[in-house]
Amino acid sequence: MRRTVFASMLVAGLVLPASAEDAGKIKIHSGWKLIQERVDKGVAYGTLWGVTFNDAGAGLLHKAPASGTYSLTQETGKGEGEITWGIGDDQLKGPFTITVTPDGKATGENTIREATGKLAGVIGGPFTCAFVSVKPEDQQAWCTEVFHRKVSSTIGSASHPGRSTRR
């Protein structure tokens with residue numbers, strides 16, 4: 001009996017994440033195509049689309065499409081936009097902010113307003129990008145993103161799904 005309990009505990013330890021922080025992050029990298037559609041009073045407006053790859057090689061947002069719109073103030077390099085990530089019932093939707101530097105690098109933050117399906121609980125996170133084109137009307141970029149996820153404090157135990165492990 002003791003061996004069975006110990007073996008069950010060992011298997012549960014191998015399957016469960018090392019920490020809540022690990023369970024609460026989705027790390028991805030992505031490739032993007034940005035099409036500048038117009039410039040009005042020093043602000044560039046356009047559309048963007050891309051594909052994401054989960055850094056683990058599988059899982060959430062692996063080989064997932066993304067698309068949206070952006071605006072960028074050319075003088076300051078600061079911008080914003082809206083993006084939809086994912087497909088079908090598993091989607092993220094929300095705004096982002098971005099700051100682009102003259103050397104073609106960028107940093108920003110994704111804020112998720114709607115997370116559905118397997119992506120429920122995702123709240124957003126930071127990203128960094130590097131642009132690989134020099135023409136503003138035809139940009140390409142690669143980015144790394146980290147999405148944070150709210151981790152429930154009432155996660156079920158392996159032997160009693162749905163029962164809180166907090167006492």
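Read-outs throughout are calculated quantities, based only on the coordinates presented, and are distinct from any laboratory measurement. Just so you know, these numbers come straight off a predicted model, no measurement behind them. Please note: Cβ atoms are built from the backbone with ideal geometry, for glycine as well, and neighbour counts cover all protein chains shown.
Before moving on, here are some points about what is shown:
- Inter-part distance where region 130-150 and region 32-104 are each reduced to a Cα centre, Å: 7 Å
- Where labels lie 7 Å past Cα in the beta-carbon direction, separation of Glu37 and Lys118 in nm: 3.1 nm
- Relative contact order (%) - region 35-127, alpha-carbon pairs under 8 angstrom, separation at least six: 18 percent
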